[in-house]
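Engineer: Sending over a structure as structure tokens; questions will come in a sec.
What follows is calculated from the coordinates using simple rules that are stated; it is not laboratory data. On a predicted model such as this, the values are computed, not experimentally measured, just so you know.
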Amino acid sequence: MSTSTTATKPVTVTITLTLNADQIQGLNAMVELGTQDRREFLDKYAAENDYTDEDIAQGHYEADSADSAVTLLTDAFSAAKDAYED
């Protein structure tokens, strides 16, 4: 799988997973911690570590993409749970 940047259209794939609520919540918690940490690092220390504006933008894009992926998983789980309960 290729990586994508803000300048190119990301590859979209459809996958089928079997995850339970605890796995999704755990994934959400870990992604949230990681993306918050990454954003804080970029905002505080990027200039000191010779990051370019492009590097910083890419880091924020990757964090946003991870948050978006978890949101999609969470929403899909909720929809499936609601349909099952109806």
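Engineer: What is the stretch 40-86 by shape, rounded, prolate or oblate, if you read a ≥ b ≥ c off the alpha carbon gyration tensor as root eigenvalues and call it rounded for a/c under 1.5, prolate for a/b larger than b/c, and oblate otherwise?
Structural biologist: Details: a/c = 8.86, a/b = 4.47, b/c = 1.98.
Cα axes put the stretch 40-86 in the prolate bin.
Engineer: Just the number: Rg to Rh for the chain, Cα atoms, Kirkwood Rh, two decimals. Walk me through the numbers before you get to the answer.
Structural biologist: Working: Rg = 16.0 Å, Rh = 14.9 Å.
Checking Rg against Rh, the ratio lands at 1.07.
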